[in-house]
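First comes the structure, then the notes that go with it.
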């Protein structure tokens, strides 16, 4: 039996020697590679946190202490070592383990995650609760340097430092989020790591104390030596200014040092920050060489280096990227903005061809939206590329800084609807509802990649905010070429895609977005009409009135929450016109959605052709 197979709970690590811990790290890393190769998931980040996870599990009293992982896609080793190893074969699958931390999944997940930069706030909440109850438990937040760029992380640091909270923050610094990090904070961390005086003293000190046999004294004197010999202008770090005791940088793959440092820190109180240096993709050469590509992967053969893949079929994301570059050629004032999602949003080519007009602001969605507003107010044409689930963080800014000033910001909202294996935290099911109530906002729903380009053309020329929402993957449509620059799809113009009998007794399906193709499949065996609505706000009132007057009932179809969605917009419009006709709405119910492939989820929620047929017959 391997050492890993003997680990049932984190408590089992406490009796292991340093040699055994290093053996365990190797076994965990191999298990992650083999497991993720079969399920898909986040690979590179998890390979980088193996030793850190082992050291934390050994130092803390879990689950009584609160260990909170930021984002959660660096917590696979945590899952494996906390009783979920056998279930890793179900990771991100329908009915299986979540790809992130999840309270309902394990007592060892005290706080759920899926979006970044929440861990310090949550851990601070636990620290304050422990203090109120008089409990001596530890509250620990593990946050990456990429996640630390978000404003919420600094709000939490400011609160914790000023309040002298009993909190340990572990900064997992691998110089990346998904892409390489950007901004002043990244440069500050780099200076901490590469300061010549500190590094020289640290290396000299290791040799001296090793010769004297005084390693323990070296660890205790490390901070004092640093303060005495580092140039005065760099003695206090940003974190120390915020009220934290800063320790580090520490090699995040040196288990002996990590376990010693964490054991010491766990006996201390007050705000503490441990700066740990890790390598994304550690232990798997392809991931070390290309951590961006191996950040999130599908199933693969881990023992065969795959040749360069051929260009995949067109997706909404790739179509957006192609459109963006073409539009930038025609419009010198066009600029692209993204909150740390260059690859995911299809902006890589744009960033290389137009670097001076490309802005990656880091994981800072609020700033990104207002920044785009400032660009628009200054006469530029900003295109804001953002996932639906991340736009939620910039809602206040979309309302106050964009819409109320009627600024022409074009929101390219990727990952709208059901996203698949990432589950509920990443599902883009609410953007129609929260944008529809905002004055001046236009909302468009392309059914295929050609329609996407036409709507983006229209949005770029519109004098006000426009949101174009589209899903992950392709449309499943006809594969028609992208629209030319002169082709547009004006807001509020729906089109008939199939007309049923003219006897007034058939049903009309009003489809919003790519589910149009499921509606057309269902309509092949039914006498019904299908309308591509295209636009949620404004609605095409004329076609809606015509459909209501010539059909016995209307069915609305959307990849969005039913409450407040496109179907609700149709009901409101019919009520305003005084039209009374049966309306059935098909979409996502008022529940937390499950994970699975997109096709599994469409089937589960009755949004595929078979589900539509079942509702109509």
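Take the alpha carbon gyration tensor of the stretch 521-578, find the square roots of its eigenvalues, order them as a ≥ b ≥ c, and report rounded if a/c is under 1.5; if not, report prolate when a/b exceeds b/c, else oblate.
Oblate, since a/c reaches 1.5 and b/c is not below a/b.
Could you work out the relative contact order of the stretch 44-177? I mean the mean sequence separation of Cα pairs under 8 Å and 6+ apart, divided by the number of residues, in percent.
Result for the stretch 44-177 is 25 percent.
Between the helical axis of 449-461 and the dominant principal axis of the chain, each derived from Cα atoms, what acute angle in degrees is found, rounded to the nearest 10?
In the chain, helix 449-461 runs at an angle near 90 degrees to the longest axis.
What percentage of all Cα-Cα pairs in the stretch 574-613 are separated by more than 15 Å?
Cα-Cα pairs in the stretch 574-613 separated by more than 15 Å: 53 percent.
Ignoring everything except DSSP H segments at least 4 long, calculate the 222 nm mean residue ellipticity for the chain; use -39,500 (n - 2.57) per segment, divide by total residues, nearest 500.
-11000 deg cm²/dmol
What ratio of Cα Rg to 2.2 N^0.38 Å holds for the stretch 316-469?
0.93
Would you calculate the convex hull of the Cα atoms in the chain and tell me its volume per residue in Å³?
Value for the chain: 174 Å³ per residue.
Once the convex hull of the alpha carbons of the stretch 424-537 is built, what does its volume come to per residue, in cubic angstrom?
For the stretch 424-537, the hull spanned by Cα atoms encloses 133 Å³ per residue.
I need the shape label for the stretch 495-616. Rule: rounded when a/c is under 1.5, else prolate if a/b > b/c, else oblate, with a, b, c from the alpha carbon gyration tensor.
oblate
Given that compact globular proteins tend to follow 2.2 N^0.38 Å, what is the ratio of the alpha-carbon Rg of the stretch 473-551 to that value?
1.16
If you line up the Cα atoms of the stretch 422-490 on their principal axes, what length do they span on each, largest first, in Å?
So the three principal-axis extents are 35, 31, 12 Å.
Taking the chain as the reference, fit the longest principal axis to its C-alpha atoms, fit the long axis of helix 316-330 to the helix C-alpha atoms, and give the angle between the two in degrees, 0 to 90, nearest 10.
Between the helix axis and the principal axis of the chain, the angle is about 80 degrees.
Relative contact order for the chain: what percent, with Cα pairs under 8 Å and sequence separation of 6 or more?
Once normalised by length, the contact order is 11 percent.
With N residues in the stretch 1-49, what two-decimal value do you get for its Cα radius of gyration over 2.2 N^0.38 Å?
So the stretch 1-49 has a normalised radius of gyration of 1.22.
Helix 50-59: angle to the longest alpha-carbon principal axis of the chain, degrees 0 to 90, nearest 10?
The helix 50-59 is inclined about 60 degrees to the chain.
For the stretch 1-145, what does the alpha-carbon gyration tensor say about shape, rounded, prolate or oblate, given a ≥ b ≥ c as the root eigenvalues, a/c under 1.5 as rounded, and a/b over b/c as prolate?
Because a/c hits 1.5 or more and a/b fails to exceed b/c, the stretch 1-145 counts as oblate.
Treating each Cα of the stretch 283-370 as an identical point scatterer and ignoring solvent, apply the Debye formula and state log10 I(q)/I(0) at q = 0.18, 0.20 Å⁻¹.
-0.93, -1.05
Report the relative contact order of the stretch 495-616, percent, no decimals, based on alpha-carbon pairs under 8 angstrom and at least 6 residues apart.
That works out to 27 percent.
Taking every pair of Cα atoms in the stretch 241-322, average 1/r, invert it to obtain the Kirkwood radius, and report Rg/Rh to two decimals.
On the Cα set of the stretch 241-322, Rg over Rh gives 1.20.
Run the numbers for residue 103 and residue 576: contour at 0.36 nm per residue of separation, minus the present Cα-Cα distance, in nm.
The span from residue 103 to residue 576 would gain 165.9 nm if fully extended.
Any read-out appearing in this document is the output of simple, stated calculations on the displayed coordinates, not a laboratory observation. Quantities reported herein were computed from a predicted structural model and do not represent experimental measurements.
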